[in-house]
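Novice: Could you have a look at this structure, given as structure tokens, before my questions?
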Amino acid sequence: MIAWIKEINWLKAIFVGFLYTLFAVVVRQIETFLTMPYYLDPTHFGLWSRMMMPKAGPPPAEFMIMSFVLTFATGISIAVIYYYLKNMLPKRFLRRVFLFADLMIGCSFIFFTLPVYLLFNVPMGLLISWFVSTFIILVFASFVSVKIIGT
């Protein structure tokens, strides 16, 4: 077994995942409310998955449940990544929070925002909104990870 995996306190990782889920759902709901015209515009209906929008109207319950499950898994994954990187991060609390957040935000920009811009016909305003909300969520996730898991 890889040494750093032994250090993972799974209760803390699950707690980080839970807090991440609560915060991310609230931020995403606010973001969705603010960007609703994009979701209601029929010219963009082809962008959305059948799970999210099988027909015009709000997403079905299955989408919301899957969204919660995947968001929770993402929160736990962030906690595990923090465990992996924590010995390489600065020791001071705020420097640690912001460096970890910077790493996650940079990866999100490189591996999500840029490919989506290149490959899909997502409106620029929506892509910017997604990036800003992700930025806020990842700074929160970094703060929570450092606070709960520690140094």
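Since every read-out is calculated from the coordinates, none of them should be taken as a lab result. Fair warning: this is a prediction, and the values are worked out from it, not measured in the lab. Positions of Cβ are backbone-derived with ideal geometry, glycine not excepted, and every protein chain shown enters the neighbour counts.
Novice: Using Cα atoms only, what is the angle between the long axis of helix 124-149 and the major principal axis of the chain, expressed in degrees (0 to 90) to the nearest 10?
Specialist: Approximately 20 degrees, to the nearest ten.
Novice: Over the stretch 3-149, what is the relative contact order in whole percent, taking alpha-carbon pairs under 8 Å and six or more residues apart?
Specialist: 41
Novice: Additional query: For the chain, which span is the longest to avoid every loop-located (per DSSP) member of trypsin sites (Lys or Arg not before Pro) having at most 16 other Cβ atoms inside 10 Å?
Specialist: Value returned for the longest uninterrupted segment is 93-151.
Novice: Sum up the charges of everything whose Cβ sits under 13 Å from the Cβ of Pro90, counting Lys and Arg as +1 and Asp and Glu as -1, but leave Pro90 out.
Specialist: Overall, the nearby charge balance is +4.
Novice: While we're on this one: Along the positive direction of the dipole of the chain (beta-carbon charges: Lys, Arg +1; Asp, Glu -1; about the Cα centre), which of Cys107, Tyr84, Ile128 reaches farthest?
Specialist: Value: Tyr84.
Novice: While we're on this one: Hand me the GluC sites (Glu not before Pro) from the stretch 1-73 located in a DSSP loop with no more than 12 other Cβ atoms within 10 Å, in residue order please.
Specialist: Glu7
Novice: When percent of Cα pairs over 23 Å apart is calculated directly from the model, which label among [x] 42; [y] 36; [z] 55 fits?
Specialist: Label of the calculated value: [x].
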